[in-house]
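Here is the structure we will look at, set down as structure tokens.
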Amino acid sequence: MEVSFFGSRVQALSMDQVDAYLEEALAQGKKTRIYTPNTEIVMEAKDKAWIRDLVNSGDLRLADGIGLVIGAKMKKIPLEERVTGFDVSIHLLQLAQREGYKVYFLGAKKGIAQRAAQEVEEDYPGLVVVGSHHGYYEKSSLDQDLTQDEEEIIEEIQRLQADIVFVGLGFPVQEVFIHKASQRLGRGVWIGNGGVLDILAKEQKRAPEIFIRLHLEWFYRLIKNPSRWKRQLAIPKCLIQVITKKNAVKIVREDFNENESKGN
């Protein structure tokens, strides 16, 4: 099932369904772009068609925001599970460890991606991170040609034959890069996962389990970084518009067609 939030479409999939999808995609060498829009992204995309189109171009579009789950429930739409970019990233590492897939890390400050690779290889014995690159390089916008830096990174990913690519550049920069790079290479699982590399490098910590279980990760981040308060206003703004606008949230597809989604 696909649910539209102000035109941004997410798939109502459980973590188990995502795992099955990714196992098959990797086994068959199919290109898979994973985007995980949260409430803030959905609200930004509401008034920007290019962001909406970019989000909707992903093969997997997963609801990484408790505001989306609550908004769906307010409309009696069964979007039962929040599937986070962090959780999907960890499951990809476990899959790579088990099946021998090669991983590449892109993003964060200088040294973080490399440190994340070292930590991951210690935490997941046998897993191979074939390469890494920091996120401080010259980037192109969606309607520009790839920069020389981007060309070199894509060539390295291709040369190293990476099966899974973590792109932690922040929204929407990471989605723009994934959109362009995956078209150039035509294979691999690509995930835009924001600050995941910082956590894998043990530079930052994820919220304690109690905050995660209570769906208060956003509140923990606000406590740790009060300057985020303006960003967190996206949640109440979203829910108010869900209440006041009839078609703000709606089911746009009852099933999930893998063949239509994969590799486009």
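The values are calculated or read from the model by the stated rules, or taken from the named source; none is laboratory data. Remember, it's a predicted structure, so these values are computed and weren't measured experimentally. Reconstructed Cβ throughout: ideal geometry from the backbone, glycine too, with neighbour counts over all protein chains shown. When the accessible area is computed, the model is the full protein with side chains, heavy atoms only, and any ligands, DNA or RNA have been set aside. Shrake-Rupley method; radii C 1.70, N 1.55, O 1.52, S 1.80 Å.
Given the Cα-Cα distance of Met15 and Met1 and 0.36 nm per residue of separation, how much length would full extension add, in nm?
Working: separation 14, 0.36 × 14 = 5.04 nm, distance 1.43 nm.
Full extension from Met15 to Met1 adds 3.6 nm.
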**Study point:** Partners for Lys205 among aspartates and glutamates (Cα-Cα distance below 20 Å; same-chain residues under 8 apart left out)
**Key:** Asp64, Asp87, Glu119, Glu121, Glu122, Asp123, Glu217
Review point. With the other protein chains left in place, how much accessible area per residue, in square angstrom, belongs to the chain at a 1.4 angstrom probe?
Key: 48
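Which values, in whole Å and largest first, are the semi-axes of the equivalent ellipsoid of the range 132-214 obtained as the square root of 5 times each eigenvalue of the Cα gyration tensor? Each step should come with its number before you reach the end.
Numbers: eigenvalues 140, 38, 30 Å².
Those come to 26, 14, 12 Å.
How much mean residue ellipticity at 222 nm does the chain get from its helices, if each DSSP H run of length 4 or more adds -39500 (n - 2.57) and you divide by all residues, to the nearest 500 deg cm²/dmol?
Working: 14 runs with 128 residues, N = 264.
So the calculated ellipticity at 222 nm is -14000 deg cm²/dmol.
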Review point. Cα to Cα, under 12 Å, and not fewer than 8 places away if on the same chain: which aspartates and glutamates meet these conditions relative to Lys237?
Key: Glu40, Glu44
**Study point:** Candidate lysines - alpha carbon under 25 Å from Lys202, same-chain residues fewer than 8 apart omitted
**Key:** Lys102, Lys109, Lys110, Lys224
Practice item. Please report how far the C-alpha centroid of the range 49-68 lies from that of the range 7-47, rounded to the nearest whole angstrom. Key: 7
Review point. Taking H as built 1.01 Å from N, whose amide H comes closer than 5 Å to the amide H of Gly107, not counting residues under 5 places away?
Key: His133, His134, Gly135, Gly168
Check your understanding: Of Lys30/Lys250; Lys48/Lys250; Lys46/Lys76; Lys31/Lys75, which ones are farther than 27 Å apart at the Cα?
Key -> Lys30/Lys250; Lys31/Lys75
Exercise for review: Evaluate the Debye formula for the range 10-144 with equal point scatterers sitting on the alpha carbons, no solvent, and hand back log10 of I(q)/I(0) at q = 0.15, 0.16, 0.20 Å⁻¹, in q order, two decimals.
Suggested key: -0.90, -1.01, -1.30
Check your understanding: What spacing in nm lies between the two simple spin-label points modelled at Asp255 and Gln183, each 7 Å away from Cα in the Cβ direction?
Key -> 2.9
**Study point:** All-pairs Cα distance distribution in the chain, expressed in whole percent, bin size 5 Å
**Key:** 1, 6, 13, 18, 20, 18, 13, 8, 3, 1, 0
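Counting only protein heavy atoms, what percent of the accessible surface of the chain is carbon or sulfur at a 1.4 Å probe? Write down the numbers at each step before the final one.
Working: 6030 of 12700 Å².
That fraction is 48 percent.
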